[in-house]
1. Give the residue, chosen from L179, L147, L191, that is over 25 Å from D260 (Cα atoms), among the hydrophobic types (A, V, I, L, M, F, W, C) and in contact (Cβ under 8 Å) with a residue 12 or more places away in the chain.
2. Here are the criteria: (1) among the polar types (S, T, N, Q); (2) surrounded by 11 or more Cβ atoms within 10 Å (Cβ to Cβ); (3) at pLDDT below 90. Tell me which single one T266 does not satisfy.
3. In the stretch 161-172, which residue that is surrounded by 12 or more Cβ atoms within 10 Å (Cβ to Cβ) and of a type in the set (G, A, S) is farthest from the chain's Cα centre (by Cα)?
4. If you check K115 against the conditions, is it touching a Cys at 6+ places or on another chain (Cβ under 7 Å), under 30 Å from Q224 (Cα atoms) and either modelled with pLDDT of 95 or more or crowded, with 20+ Cβ neighbours inside 10 Å (or both)?
5. Search the stretch 126-169 for residues being of a type in the set (F, W, Y) and more than 24 Å from N222 (Cβ to Cβ), and hand back the single one that is modelled with the highest pLDDT.
6. Looking only at the stretch 237-270, which residues are touching a residue at least 12 places away in the same chain (Cβ under 8 Å) and closer than 17 Å to I188 by Cβ?
7. Just checking, how many residues over the stretch 13-52 are modelled with pLDDT under 80 and in contact with a His (Cβ under 7 Å, 6 or more places away or on another chain)?
8. Looking at the stretch 200-232 only, could you name the residues that are among the polar types (S, T, N, Q) and in contact with a strand residue (DSSP E or B) (Cβ under 7 Å, 6 or more places away or on another chain)?
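The values are calculated or read from the model by the stated rules, or taken from the named source; none is laboratory data. Quick caveat, the model's predicted, so the values are computed rather than measured. Cβ sites come from the backbone with ideal geometry, for glycine too, and all protein chains shown count toward neighbours.
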Amino acid sequence: MLEAPIRGVVPLLEAVKKLRSSEHLTTLHPDFLQLCLLAKCYKTGLSILEDDIFELVVFPWRSLNLNSLGASLDFNGFAGVPKPLSLKMVKSRISQFTANKQTGMICIGQKRFQKALELLHNVVTAPMSSINAIAVEAFKKYVLVSLIYNGQFSTSLPKYTSSAAQRNLKTICQPYIELANTYSIGKISELESYIQTNREKFDSDNNLGLVKQVVSSMYKRNIQRLTQTYLTLSLQDIANTVQLSSPKEAEMHVLQMIQDGEIYATINQRDGMVRFLEDPEQYKTCEMIEHIDSSIQRIMTLSKKLTAMDELISCDPLYLAKVGRERQRFDFDDFDPVPQKFNI
């Protein structure tokens, strides 16, 4: 089936649909998403992930192919896995890590970089007591997608990131950190030179395609900066400023950015002049009102779900037992309940 992965997409899709509700992630998801990636059936992969997932379902009969997840995985590194290791917990943690990473890769294939960034962020910042191969691969793509979508990468990870990730990811992925530093300089020639020097490394990581998109994004960022300074500009001036080879290439970049909605402009073919415009969206069309309403409804649904989950956890015996143990570490009688300055 690996020689023709597309043959396995439909059977696994049907299996996933029968074994889950719209809010459940199962241990079949990683295998299905991997087939979608190999077959380049990105839309099919996204079709089962349109709804928000809140629960993890692990089937005891499901065999786990550990070799497919990377030889350097340390299962003790997944938070929540007790010792001795519970196979059910191992499956659930690996399913969560792998599914998030693979869904992020599918979103990259669909050019949905914002969603990909969110999913990869979930993998990188997930609880772990030691580093694992999935987090490393996700971090490499996280750096590249950050550059493509945001035009920058912050080397400081959020405070809730595990100490293992904080200590090791930047060191292990040093070429990608240096790529981000080179990108921040804003010079195409230096960026291309660095990529050429480390081409084999990026290629061996299967990230060369994303790296090329990073270069393309720098051209776009430089063109976007011009819109903040000029109202009109010739294609020749754009080519010279952005370091493109010809006005024709500059025209192709501008047209693509207009089509993608990244800038608003018109091109006068007669004199080769580009006129930059303001965003025409007035936020009063029927389509925009429907979009805003659907977003509000989704937020309200998520809020209700979060409240229900909070109430469920608050009544969980294991959670209450852990909180009780934590409270015993502090003797509140040692503290004066009245501030010293109010003592009479």
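1. Values: L147 fails: over 25 Å from D260 (Cα atoms); L191 fails: over 25 Å from D260 (Cα atoms).
Only one candidate passes the filter, namely L179.
2. With respect to (1) among the polar types (S, T, N, Q); (2) surrounded by 11 or more Cβ atoms within 10 Å (Cβ to Cβ); (3) at pLDDT below 90, T266 is out only on (3).
3. Per the stated criteria, the residue is A164.
4. On the way: touching a Cys at 6+ places or on another chain (Cβ under 7 Å): yes; under 30 Å from Q224 (Cα atoms): yes; either modelled with pLDDT of 95 or more or crowded, with 20+ Cβ neighbours inside 10 Å (or both): no.
The answer is no for K115.
5. First pass over the stretch 126-169, keeping only residues of a type in the set (F, W, Y): 139, 142, 149, 153, 160.
Remaining after also requiring more than 24 Å from N222 (Cβ to Cβ): 139, 160.
On the way: F139: 95, Y160: 89.
Only one residue fits best here, namely F139.
6. Correct list: I238, T241, V242, Q243, L244, P247, A250, H253, V254, M257.
7. Counting residues in the stretch 13-52 that are modelled with pLDDT under 80 and in contact with a His (Cβ under 7 Å, 6 or more places away or on another chain) gives 0.
8. Pass one, the stretch 200-232, residues among the polar types (S, T, N, Q): 204, 206-207, 213, 216-217, 222, 224, 227-229, 232.
Selection gives T227, T232.
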